[in-house]
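In what follows, a structure is listed as structure tokens, so that the remarks can point back to it.
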Amino acid sequence: MRPIFIPSAILVALISYVTALSAQSATTRALSAGTTFDTTLAASGVHRYAMVLRRGQSANVVVTQMGVDVVIEVRSPDGNVIGSFDSPNGRDGDEPVEIMASAGGIYVLSVQPIDEREPQGRYRLRVIALRDEAATTAMLDTRRAAREAATAWLRMRSVAIPANGKLSFAGDYPALDRLARRVRVLGVGESTHGSKEFTDFRLALTRRLVERFGYRMIAIEASTDKLAQLEQIAAGKRAGNVADLAREAGWIGERARVELTRWLATWNAAHPNDHAHIVGVDPQITQAPQRWFSQFLVRAYGPDLVTRWAPVARELAAADSQVLVFGNSNVNAQTRGALFEMLTRLELDAPLLRVRFGSTSVDSARAYVRQFVEFADFNAGDDSTIVRAHNRDWYMATRVLSALSAAGPQGKVVYWAHNAHVHAPPGRPAGARPSGAELRDALGCGYGALGLSFGEGGFLSQIPNDAEDRLHLSSLPLAPDESIDAVLGGIRPGGSAVTWECGRRAAMEPAWLQQSHPMHWVGALFAPGTMAASAFRAFDILRDFDGLAYFPRVTAEPLPPKRAVVPARAP
């Protein structure tokens, strides 16, 4: 590497800057090639580092977290934030930071806990590369060639799809059809929870899966209880206002649930002996089941047990009230233990209870208490029991597999959830795996994960930590060159779907596709003004997915009617 010469004026400015900051904070330090700092970050602390770069130069810094989840913010010489870096690896692991100097001057890095709840912890900061302009240019040329090779490889396995997501029933989409035929469960993701094109693609693809490929179960990341009511309407077993019921299950996917239910009702009416079904796989929103279950307890065990059940019911109701607004849904360990005990009691007493109250009532009671147990278990966060608490993805995976079992030996399931849930990364430890990884372990190549990606555009989300839990329309600029979204965008001018064989064969793949790269990832919560760089997560797409659908531009779902304010839960 060529030596980097720093003009004396900039060096003097750097020394002056660091000296001034050091008077305020002992953690402000100058960075240069090979610098390493191993230090402790106090709760709510902020450490600052300064680096001089000339225009065209670049640097790579790695912050290794050791017991504290940090976010690194980078400011340009004019003081503007040009990057915010936080990988989804919790309190341990590397946070890689890359700085490309578009102007000469002092670049400032701030390292701080991701929020005020983080404990004190250690981290190690290392400057692992500092390149001059020529080396930076050569690196960018190499990267460009690698991306082009990846795009060419993907193009050979792709098919054009409408940029608006509305697949034609008569259209020919061999890349998608190959995947649909191969798997028994197809996870269809989304990289935001509120973009129209994703909704329209899922609806059109699901219709195709039902009509052409024998899929008869649509499992959705949504309330088990509320979707059971929509299933009754789709099956023609009850009347009801589909829009009202869909709204009660929350703003995420509201339009999709309405249109899907109405279409399935039409399909089922025309195919009375070949119904397709909706099932919710999220064991949440439990108010109605709680009321029914309390009444069952009175009949089965008398008022004394109901009195003991009351504090459990209150804790569940308090936690459940926060689900739709992403508030504090924590459940205490005593409640979780009581629910496991109740589940066991009903299993033991089932033969006698069936004689007294009939199989329908007893099976409903067992199903409801299982729902309560699942909800409490993944919201308890307590490891005091023999078997560690399972996460939400574990329970969604078990419900998808239950839907597959209900579909019969030849049945197939399409599973709607966020990319964060449907992807199937190998090697994750138990308790940290998404539902897609659990399904891959259970079904092997019988599970397929299709992620959805976009280049730029808008989405609907909830404002975090907002007293009124308001929803907001946000947008993101065009994805940067060194991203999965940008590589997919190079396949063709419009939308694309690309799929590949199950299982990686690294020697046959371009080098760029053998590594992790950022792809758009926006959850339900997104604060207005959030840095675009924060809307990405790293994926190794050939391991994590079996295919991706790409849309060059997405638009936000409309804001729903004003929602009732849900008071924050008392601590």
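Observations
- Pairs linking a residue in segment 131-154 that is farther than 19 Å from ASN60 by Cβ to a residue that is among the small types (Gly, Ala, Ser) and surrounded by fewer than 17 Cβ atoms within 10 Å (Cβ to Cβ), with Cβ atoms under 9 Å and 6 or more positions apart or on different chains, are ALA149/ALA511; ALA150/ALA511.
- Among the residues examined, ASP115 qualifies as out of contact with any Ser or Thr (no Cβ under 8 Å at 6 or more places or on another chain) and assigned by TED's automatic domain parsing to the domain that holds ALA59.
- For segment 537-571, filtered to residues that are modelled with pLDDT under 85 and of a type outside the set (A, V, I, L, M, F, W, C), the residue that is farthest from SER496 (Cα to Cα) is PRO571.
- Options VAL63, VAL108: the member that is among the β-branched types (Val, Ile, Thr), touching an Asp or Glu at 6+ places or on another chain (Cβ under 7 Å), surrounded by 19 or more Cβ atoms within 10 Å (Cβ to Cβ) and at pLDDT 95 or above: VAL63
- Filter result for the condition that a residue is among the acidic types (Asp, Glu), farther than 17 Å from LEU41 by Cα and modelled with pLDDT under 95, over ASP172, ASP94, ASP86: ASP172
- Note on segment 306-327: residues that are of a type outside the set (Val, Ile, Thr) and exposed (fewer than 14 other Cβ atoms within 10 Å of the Cβ) total 5.
- Residue check, PHE293 on the phi > 0 side of the Ramachandran plot and either hydrophobic (A, V, I, L, M, F, W, C) or within 22 Å of the chain's Cα centre (by Cα) (or both): no
- Qualifying residue in segment 256-277 (condition: surrounded by fewer than 23 Cβ atoms within 10 Å (Cβ to Cβ), touching a residue at least 40 places away in the same chain (Cβ under 8 Å) and of a type in the set (Val, Ile, Thr)): no
- Pairs linking a residue in segment 90-111 that is basic (Lys, Arg) to a residue that is surrounded by 14 or more Cβ atoms within 10 Å (Cβ to Cβ), with Cβ atoms under 7 Å and 6 or more positions apart or on different chains, are ARG91/GLN65; ARG91/GLY67; ARG91/VAL68; ARG91/ASP69; ARG91/GLY121.
- Taken together, GLY187, GLY165 contain a single residue that is under 27 Å from THR398 (Cβ atoms), among the small types (Gly, Ala, Ser) and either touching a residue at least 60 places away in the same chain (Cβ under 8 Å) or in contact with a helix residue (DSSP H, G or I) (Cβ under 7 Å, 6 or more places away or on another chain) (or both), which is GLY187.
- Selection within segment 127-169 - among the hydroxyl-bearing types (Ser, Thr, Tyr), within 29 Å of LEU209 (Cα to Cα) and surrounded by 15 or more Cβ atoms within 10 Å (Cβ to Cβ): THR151, SER158
- Residue within segment 39-53 that is basic (Lys, Arg), at pLDDT 90 or above and within 20 Å of GLU133 (Cα to Cα) present: no
- Residue list for segment 527-566, restricted to those being hydrophobic (A, V, I, L, M, F, W, C) and without any contact (Cβ under 8 Å) to a residue 24 or more places away in the chain: ALA564
- Options ASP382, ASP393, ASP363, ASP377: the member that is of a type outside the set (Gly, Ala, Ser), modelled with pLDDT of 95 or more and farther than 30 Å from LEU203 by Cα: ASP363
- Scope segment 456-485; condition among the β-branched types (Val, Ile, Thr) and either crowded, with 20+ Cβ neighbours inside 10 Å or over 17 Å from the mean Cα position of the chain (by Cα) (or both); matching residues: ILE484
- Number of the exception - SER534 against (1) more than 16 Å from PRO434 (Cβ to Cβ); (2) at pLDDT 95 or above: (2)
- Test for ASP274: is it of a type in the set (Asp, Glu) and either under 14 Å from ALA367 (Cα atoms) or outside the structural domain of GLN371 (by TED's automatic domain parsing) (or both): yes
- Checking each residue in segment 161-178 for being within 26 Å of the chain's Cα centre (by Cα) and over 29 Å from SER461 (Cβ atoms) picks out ALA175, ASP177, ARG178.
- When the helices (runs of 4 or more DSSP H) confined to segment 374-484 are screened for residues that are free of Cβ contacts under 8 Å to residues at least 12 places away in the same chain, those reaching at least 1 such residues are found at 392-407, 435-443.
- Criterion: over 22 Å from GLY165 (Cβ atoms) and either outside any loop (DSSP other than H, G, I, E, B) or of a type in the set (A, V, I, L, M) (or both) - qualifying residue of ALA568, ALA549: ALA568
The values are calculated or read from the model by the stated rules, or taken from the named source; none is laboratory data. Source: prediction; values computed, not measured. Backbone-built Cβ (ideal geometry, glycine too); neighbour counts: all protein chains shown.
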